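All remarks here apply to the structure that follows.
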Amino acid sequence: MYGMLLESVQHFVTEEFGVDIWKQACQVSGCKYSAFKTHQIYPDNLMPDLAQALSAVTGHTFDYFMNFFGKCFVRFFSNFGYDKMICGTGRYFCDFLQSMDNIHLQMRFTYPKMKSPSMQLTHVDDGGAVIVYRSTRTGFSRYFSGQLNEVGKHFYNLDVKVRVLESINDIQGGTAGPISLNGDTKNVIVTYRMDFDNRDYMRNRVNLEAHSSQLTLPQLDIQVLLELFPFTLVLDRSMTICNAGEKVIETWIIHNPGKNPKRFIGSNITDHFKCRRPKGTKFEWDVIIEMKAVLFELELIRTGRPEQSSLLQAAALNAADVENYDEILATEQLKKLSIENVGASSDKDLEDPDRKGSQGLKSILLKGQMFYIKDIDSLIFLCSPLIENLDELHAMGLYLNDLNPHGLSRELVMAGWQHCSKLEIMFEKEEQRSDELEKSLELADSWKKQGDDLLYSMIPRPIAEKMQNGVDSSSQCQSFDEVSVIFGEVMNVYSASDNIQDAMEAVNRLNTVFTAFDEEIISPLVYKVETVGMVYMAVSGAPDINPLHAEHAADLALRITSKVQSLQLQDVAIKIGIHSGPVVAGVVGLKVPRYCLFGDTVNTASRMESSGEPFKIQVSSYTADKLKAKGYKLESRGHVKVKGKGDMETFWLLAAPDETQM
């Protein structure tokens, strides 16, 4: 289906149910499109899948949303000017119902790949009408009823109540019709009864009875009618072709080389044509006679053998040839066989250049109406080839002079050829703009991801997401009963000097060490808080609560020590301190917000680092007790004078319980 249908769905679902509901439905249905292109083809199952997903998300039924989608499309197509086309179909709702199939046929010039259903009005009365819906897709009958409701309400101020009288082969939620035993797709046929006030239409109908002046008109020879309308078929009650226009016969001959033209007249119409529209229509007298206002589209069946002589072309046949066709064909075959036997020429030489075009002819479509002529008790199919431009005309083996001299057939073909290039350029520009928009959206998504990554590097992700949703940062303050705080200081990186080169070298060395620290951070086991000057600060147990915070802090300290030693930076050393206890954490600042820790635990951990020694890890006695219980190797340093704490017993962390796992 074309993107315009899905555009209408997206627009009104987000308008009436909200953007969040639409995103949930897209996620549930697996829809990966953030926007739809008007003229792009999308899978048929996308709309029923969205209806099923919305049903699951909101609690409304599948039928409710398919009906809603139909109403959405009627509201939406006014943006494209199609409301004027609806208003121009007739004064009454029944006029529109009679014209629906014809409107879809005309829309094919704008949407050539449209697979529209066919609809026929079969009965009208004062209280409403009956219409038959035929389609090769299932699950869209409720969509159609929603369209009928909205058109009646919006354009004709009618309260239309639609109910299903009969439904054949329609499957809820499906998109492809059921398969018959011979492998063909069965048509979906749904008969609707529409209840509405139809008295004005019934009262003002014209030509219900013949006027007295019509009864005195002289009879018209059927041959005159066939000359006026060269694309014409005359059918009797058994649907046999009892007469035809000259151009119909010529077209049949061109597309069926090897078939005797005498056998065309007197054969059943289904032997030579298949009905493209209305879909699923049976060629029976009683069925066709009720479809007076319906446009039929018949496709010529090509059954001829392309190896026959070029004498089968219509231009080479006169009346005598037609009468003696079998004899001429036999003579031509004998000539061909004799030439082949003597080897006078190759198969390629025998080919008629005119016949080469007929081998690859495009199927011809005849479009028109069926009229009942009482005088001859026959149906007349007044039609013309369905052609969009000169390329299609030549592909069908026809010329402009073959088209009806009256009407606009020739003008439409020429206009289509002249404006085709302009339309293609316009479509290409629109597609280019759409592609540019998609690239812009992808670029915007990329920028957003980069911004999010930068924000998450400054603030813990859960807190950052809450702030993005409008939660005040001041309300993000948390207290933690116990965490382990790690401080690491880089030593001997920079000596006081006025030399800019030395300062730049110091920055590079410090960056190398801190990068090594960052590579050993395993989130969410340990979270990097900040760097201040030469000091690196991290915490385990916040913002994600971690009962093994002491062990993970110790593992990080051991990995960092080993990693910096392996860098072998001249004179550069680090000292690390760890302490465990309660802290308070929160986001501070607006311009450059930071996630900060507060409390005596932070101060004590800082003292463990500042009073330490190069390439050693000093931990408090409280943290040491936790690590000893887990098998870590520690060595008592004794009592150390700590600023603000007095004498404290501290320990050196030597190794993890199992050195092979480090």
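Observations
- Count - residues of the stretch 87-107 that are assigned to a helix (DSSP H, G or I) and open to solvent by less than 40 Å² (accessible area, probe 1.4 Å): 12
- Taking the criterion of being of a type in the set (Val, Ile, Thr), over 46 Å from the mean Cα position of the chain (by Cα), assigned to a helix (DSSP H, G or I) and surrounded by 13 or more Cβ atoms within 10 Å (Cβ to Cβ), the only residue of the stretch 214-266 that qualifies is Ile222.
- Matching entry among Lys84, Lys113 (being part of a helix (DSSP H, G or I), of a type in the set (D, E, K, R) and exposed (fewer than 14 other Cβ atoms within 10 Å of the Cβ)): Lys84
- Any hit, the stretch 485-496, residues being touching a residue at least 12 places away in the same chain (Cβ under 8 Å), in contact with a helix residue (DSSP H, G or I) (Cβ under 6 Å, 6 or more places away or on another chain), among the β-branched types (Val, Ile, Thr) and under 24 Å from Leu455 (Cβ atoms): yes
- Residue identified as modelled with pLDDT of 85 or more and among the β-branched types (Val, Ile, Thr) among Ile131, Ile86: Ile131
- Val583 vs. criteria in contact with a strand residue (DSSP E or B) (Cβ under 7 Å, 6 or more places away or on another chain) and free of Cβ contacts under 8 Å to residues at least 12 places away in the same chain: no
- Scanning the stretch 82-129 for residues that are closer than 15 Å to Gln147 by Cα and among the β-branched types (Val, Ile, Thr) returns Ile86, Ile103.
This table checks each residue for (1) part of a loop (DSSP other than H, G, I, E, B); (2) touching a helix residue (DSSP H, G or I) at 6+ places or on another chain (Cβ under 9 Å); (3) closer than 17 Å to Met107 by Cβ.
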position	(1), (2), (3)
Leu5	no, yes, yes
Thr14	no, yes, no
Trp22	no, yes, no
Ala25	no, yes, no
Ala35	yes, yes, no
His39	yes, yes, yes
Pro43	yes, yes, no
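- Test for Val19: is it modelled with pLDDT of 85 or more and surrounded by 15 or more Cβ atoms within 10 Å (Cβ to Cβ): no
- Residue tally, condition surrounded by 20 or more Cβ atoms within 10 Å (Cβ to Cβ) and more than 22 Å from Asp83 (Cα to Cα), over the stretch 142-165: 0
- Flag if Asp518 is assigned to a loop (DSSP other than H, G, I, E, B), acidic (Asp, Glu) and surrounded by fewer than 21 Cβ atoms within 10 Å (Cβ to Cβ): no
- Within the stretch 46-72, tally of residues that are surrounded by fewer than 18 Cβ atoms within 10 Å (Cβ to Cβ) and either touching a Cys at 6+ places or on another chain (Cβ under 9 Å) or part of a loop (DSSP other than H, G, I, E, B) (or both): 3
- Within the stretch 295-311, the presence of at least one residue that is within 22 Å of Ser99 (Cα to Cα), open to solvent by 20 Å² or more (accessible area, probe 1.4 Å) and either basic (Lys, Arg) or at pLDDT 75 or above (or both) is confirmed.
- Some residue of the stretch 57-72 being modelled with pLDDT of 85 or more and more than 27 Å from Gly152 (Cβ to Cβ): yes
- The condition of being modelled with pLDDT of 80 or more, farther than 30 Å from Glu246 by Cβ and surrounded by 18 or more Cβ atoms within 10 Å (Cβ to Cβ) holds for only one of Glu436, Glu489, Glu430, Glu442, that being Glu489.
- Any chance Lys282 is assigned to a strand (DSSP E or B), at pLDDT 75 or above and open to solvent by 70 Å² or more (accessible area, probe 1.4 Å): no
- Given (1) under 25 Å from Ser99 (Cα atoms); (2) at pLDDT 85 or above; (3) open to solvent by 60 Å² or more (accessible area, probe 1.4 Å), index of the condition Arg205 fails: (2)
The values are calculated or read from the model by the stated rules, or taken from the named source; none is laboratory data. Quantities reported herein were computed from a predicted structural model and do not represent experimental measurements. With ideal geometry, Cβ positions are generated from the backbone for all residues, glycine too; neighbour counts draw on all protein chains shown. Note: accessible area is taken over every heavy atom of the protein model, side chains too, but ligands, DNA and RNA are not part of it. Shrake-Rupley method; radii C 1.70, N 1.55, O 1.52, S 1.80 Å.
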